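Participant: This is the structure I want to talk about, given as structure tokens.
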Amino acid sequence: MADAPTTTSQQSADAARTGLSAAALQRGVLDNLLCLRGRYPAIASPHDWYMALAYSVRDRLLARWATSVQTYAGSDVRVACYLSAEFLIGPQLGNNLVNLGIEANAREALRALGVDLDMLLELEEEPGLGNGGLGRLAACYLDSLATLEIPAVGYGIRYEFGIFDQQIRDGWQVETTDKWLQKGHPWEIVRPEVAYYVGFGGSTHDETDARGHLCVRWIPTRQVKGVACDTPMPGYHVNTCNTLRLWKSEAVESFDLQDFNAGDYYEAVNEKVISETLSKVLYPNDEPEIGKRLRLAQQYFFVSCSLQDMLRLLEIRGEPVGHFAQLFNVQLNDTHPSIAVAELMRLLVDDRQVPWDEAWDITRRALAYTNHTLLPEALETWGLPLMRNLLPRLLEIIYEINRRFLDEVRQRYPGDDARIARMSLIDERGDKLVRMAHLATVGSHAINGVAELHSGLLKQTVLRDFAELWPERFHNVTNGVTPRRFMLLCNPALARLLDETIGAGWVTDLARLRKLEAYADDAAFQQHWRSVKQANKAVLAEHIRGVTGIGVDTAALFDVQVKRIHEYKRQHLNALLIVTLYRRLLRDPQLALTPRCFVFGGKAAPGYATAKLIIRLINGIAEVVNNDPVVNGRLKVVFYPDFNVKNAHFIYPAADLSEQISTAGKEASGTGNMKFMMNGALTIGTLDGANVEIREEVGDENFFLFGLSADEVERVKRAGYRPADYVKDDAELSEVLQLIADGHFSRGDREMFRPLIDNLTHADPFLVLADYAAYVARQDDVSAAWQDTRRWTRMSILNTARSGKFSSDRAIGEYCDKIWKIRPMRITLDQ
Ligand SMILES: *Cc1c(COP(=O)(O)O)cnc(C)c1O
């Protein structure tokens, strides 16, 4: 390591904390290394350097952060409050350097200290506080909100253990706990003084208050304290720095003195343990049966803390509660925070004595709901006994909301009892359930889906009756992703090429990428474009070798499917294609086959047996195909373990082909599809989610479309889908399935994949076999297109050029205009 810097002694201590020059950063890193890590450079570990740098970057955010918060508190601007059970924010160091515009200076400062910035970036542990797309969307939106200078707060849960880490052993997924906090989290500021109490259990009683009004008092049996843990969310090249506020649960008292004095020390500690388990662990979605009680408790916990926090801010601003909806827009990211409808009513009616009608008006004007799924098994419901036991007062409020709501429905549709039953907040058909999507819909002034197709289907299916009753409340806001993280940060070579070609403005105005169209056939530009992709593929190849030991040829077509493993996303359809190509090679070793490297990544929910078996199948195929001399390297199959944001950074930019092959009508939007497109991958996909709009933007000639449409899927199912017919009529498919059933990819074990084969041939709920032939045929077109390098490069350039719509800046702009009616507020720093 190098010696301490020999810069001028005039540098103020202040500059070491806030200065953005390389020299000031160097001073800052050395100061923090000593003052926060207690180390001189000579014996500092890489982790010490990482922490010192992270704190130095955070130092430079603090004035922006404090100024933003203070500016909002001192004005009457409306604030967007984004409530989400998940925020998959990814590594923060690189992103904060990019948004502050100091990456080059930090690199230089560290180089002078003999430290490599990339090595430190590599060390960072990402907070895995989300499952996948939904949590990542929330994080992209926070980036755009700050970049667009919109006053905003993200509210969620500070899980001590985020999404599990995935390892692959013997081809199977093995889960290990995610210990993201183990080495400390330098970005966060814990605020023990910002804390709220949340009650659970107990009973309710009618009372008369001091003014003689009848009111309800809820006496919970247990209280938990929620403590604010804040992380700065800086915008790109602006002073705005918003807050991600995550709640950590704590016992109200470390020791229950009564129990302690009675000698029951262990009972007192037990209470503490139970309270702290509330924010212990993130639930993986798609679990067949999750630990429901704790999950509902988590949702109520973070929603109650967040709403209490808004009410406190209202008081700080000296505003009456009647102004709540003028000052806060509360966006519900799926139904996970939908108990907010009842909780805001409780806080207004019970705690602040606001009359019901006025409270309801406030609640509805403040709340809006984003739906993320049409899959019936993913629509949240809670059993009545659980709700009554855990949240008795909230259930009463839900009943009252329902009573008034159904009166309204009855007036509008007299005698239509079937409709009443369908729309009720309570499903009375079997064991009684609270329908959270209905609660969210009834309590919101705006409801939106996340892609045109999805928003349309939403109005025709799960929320049809509501869309008939209140058509003006339904909107579409197609999802987007942030180009800061998913282009500038993760694909710097592409960013440089874009800067040189069309100027740097594209980063905050992604529509400008259209200017690239003029270069699509330019031979020199094409050459440059390919060299960027080639370098990104080499980086991925390096990671693949390091993590899996598999060597891949970077001249091959990189065909990538990374996303959660789920039957509806149909990774097994992709697997059938690989077996098809392999079988063709077995039959004709001389076959002219386009060399491909298939890359898979994604986690399966720990309790989702079929998804885990699909991972095993992919690894079984990899083992055979990668090592068969007949293949001779022309096909490679890689399952890249532990797909997360950090790995995503080098996977998306390396893709030639993006696999978006879900059963039409099942993927609400997808956002991975957008990240691939921005980075120049071509898409093979169904007419599902945002694929529809991607194809519209890029043009049919630059998109590989295949398969049944959503309407056709429904028609095939209604007519009585029989997957076995497709096997009977398709010799290639039949032999492919036979090869798997015979144990060819399971070392002769004919039992291993039997459940999967049986499922496909007898039930096939996601129509894998119905789309197989069309998929394979379209992949033949992909292979042919790849052979024409100039044509492929042109299509690749046009994909990036026409991806502007999918910036989260566009999406957040639409939320601001259509739903929140919020305008930007410029933050100016003193001096
Ligand atoms: C974007 C992203 C997703 C969502 O991918 P889809 O293909 O839209 O399902 C999931 N996980 C991570 C880490 C992501 O970055």
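Participant: When the Cα atoms of the range 385-508 are enclosed in a convex hull and the volume is divided per residue, what value in Å³ results?
Facilitator: Considering the Cα atoms of the range 385-508, their hull volume per residue is 168 Å³.
Participant: What part of the accessible area of the range 713-808, given as a whole %, is carbon or sulfur when the probe is 1.4 angstrom?
Facilitator: Ligands and nucleic acids excluded, carbon and sulfur give 48 percent.
Participant: Rounded, prolate or oblate: pick one for the chain, where a ≥ b ≥ c are the square roots of the eigenvalues of its C-alpha gyration tensor, a/c under 1.5 means rounded, and failing that, prolate if a/b is larger than b/c, else oblate.
Facilitator: Oblate.
Participant: Round to the nearest 0.05 the FRET efficiency obtained for Trp172 and Arg587 when R0 = 41 Å and r is the Cβ-Cβ distance.
Facilitator: After rounding to 0.05, the efficiency reads 0.85.
Participant: Under the 0.36 nm per residue contour assumption, what length would be gained going from the current alpha-carbon distance of Val252 and Asp206 to full extension?
Facilitator: Details: separation 46, 0.36 × 46 = 16.56 nm, distance 2.61 nm.
Extra length from Val252 to Asp206 when fully extended: 14.0 nm.
Participant: Right, something else. Taking R0 as 22 Å, what's the FRET efficiency between Lys432 and Thr277 from their Cβ-Cβ distance, rounded to 0.05?
Facilitator: Numbers: r = 28 Å, r/R0 = 1.25.
Using R0 = 22 Å, I get an efficiency of 0.20.
Participant: Under a point spin-label approximation (7 Å from Cα along Cα-to-Cβ), what is the Cys35-Glu732 distance to one decimal in nm?
Facilitator: It works out to 6.7 nm between the two label points.
Participant: With just the Cα atoms defining each centre, how far is the range 661-705 from the range 475-498? Give it in Å.
Facilitator: Here the answer is 16 Å between Cα centres.
Participant: Find the accessible area per residue for the chain; the probe is 1.4 Å, ligands and nucleic acids are left out, and the unit is Å².
Facilitator: It amounts to 38 Å² per residue over the chain.
Participant: For the chain, what does the helix formula give at 222 nm: sum of -39500 (n - 2.57) over DSSP H segments with n ≥ 4, over the residue count, nearest 500 deg cm²/dmol?
Facilitator: It comes out at -14000 deg cm²/dmol, rounded to the nearest 500.
Participant: Taking H placed 1.01 Å from N in the peptide plane, check which residues at least 5 places from Leu367 or on another chain put their amide H under 5 Å from its amide H.
Facilitator: For Leu367, the qualifying residues are Val330, His445.
Participant: To continue, here is another question. For Glu472 and Ala504, FRET efficiency with R0 = 41 Å and r from the beta-carbon atoms, rounded to 0.05?
Facilitator: FRET efficiency, Ala504 to Glu472: 0.50.
Participant: Name the shape class, rounded, prolate or oblate, that the alpha-carbon gyration tensor gives for the range 87-195, where a ≥ b ≥ c are the square roots of its eigenvalues, rounded holds for a/c under 1.5, and otherwise prolate holds if a/b is larger than b/c and oblate otherwise.
Facilitator: oblate
Participant: Same structure, new question: Please sort by residue number the trypsin sites (Lys or Arg not before Pro) in the range 142-223 whose DSSP state is loop and whose Cβ has at most 15 other Cβ atoms within 10 Å.
Facilitator: Lys179, Lys183, Arg211
Participant: Val216 to His543: extension gain in nm, 0.36 nm per residue of separation minus the Cα-Cα distance?
Facilitator: Numbers: separation 327, 0.36 × 327 = 117.72 nm, distance 6.02 nm.
Length difference between fully extended and current span is 111.7 nm.
Participant: So, in Å, what gap is there between the alpha-carbon centers of the range 420-450 and the range 340-375?
Facilitator: 14 Å
Participant: Kindly flag which residue pairs out of Lys280/Lys432; Lys183/Lys569; Lys533/Lys666; Lys179/Lys603; Lys636/Lys717; Lys179/Lys533 have an alpha-carbon separation exceeding 27 Å in this structure.
Facilitator: As for pairs spanning more than 27 Å Cα to Cα, those are Lys280/Lys432; Lys183/Lys569; Lys533/Lys666; Lys636/Lys717; Lys179/Lys533.
Participant: Shifting gears a bit: Could you give me the ³J(HN,Hα) list for the range 215-228, computed from phi with Karplus coefficients 6.51, -1.76, 1.60 and θ = phi - 60°, whole Hz, x at Gly and Pro?
Facilitator: Karplus values, whole Hz, x for Gly and Pro: 8, 10, 10, 9, 10, x, 8, 9, 10, 10, 9, x, 10, 6.
Participant: Now for a separate question. Residue-wise, which Karplus ³J(HN,Hα) couplings in Hz belong to the range 196-212, taking 6.51 cos²θ - 1.76 cosθ + 1.60, θ = phi - 60°, and x for glycine or proline?
Facilitator: The phi angles translate into 9, 9, 10, x, 9, x, x, 8, 10, 9, 7, 9, 10, 7, 4, 8, x Hz.
Participant: Can you say what percent of the DSSP beta bridges in the chain, counting only those with both residues inside, are antiparallel? Round to 5.
Facilitator: For the chain, the DSSP antiparallel bridge percentage is about 45.
Participant: Counting other Cβ atoms within 10 Å of each Cβ, which trypsin sites (Lys or Arg not before Pro) in the range 741-831 have at most 15 and sit in a DSSP loop?
Facilitator: Details: sites: Arg747, Arg750, Arg778, Arg790, Arg791, Arg794, Arg802, Lys805, Arg810, Lys818, Lys821, Arg826; in loops: Arg747, Arg750, Arg802, Lys821, Arg826.
Sparse-neighbourhood loop trypsin sites (Lys or Arg not before Pro): Arg747, Arg750, Lys821, Arg826.
Participant: I want to make sure I understand the PRE zone here: with the label point 7 angstrom from the Cα of Ala378 toward its beta carbon, which residues in the range 145-164 have backbone N atoms less than 19 Å away?
Facilitator: 163-164
The values are calculated or read from the model by the stated rules, or taken from the named source; none is laboratory data. This structure is a prediction, so every number in the text was calculated from the model and none was measured. With ideal geometry, Cβ positions are generated from the backbone for all residues, glycine too; neighbour counts draw on all protein chains shown. Only protein heavy atoms, including side chains, enter the accessible area calculation; ligands, DNA and RNA are left aside. Shrake-Rupley method; radii C 1.70, N 1.55, O 1.52, S 1.80 Å.
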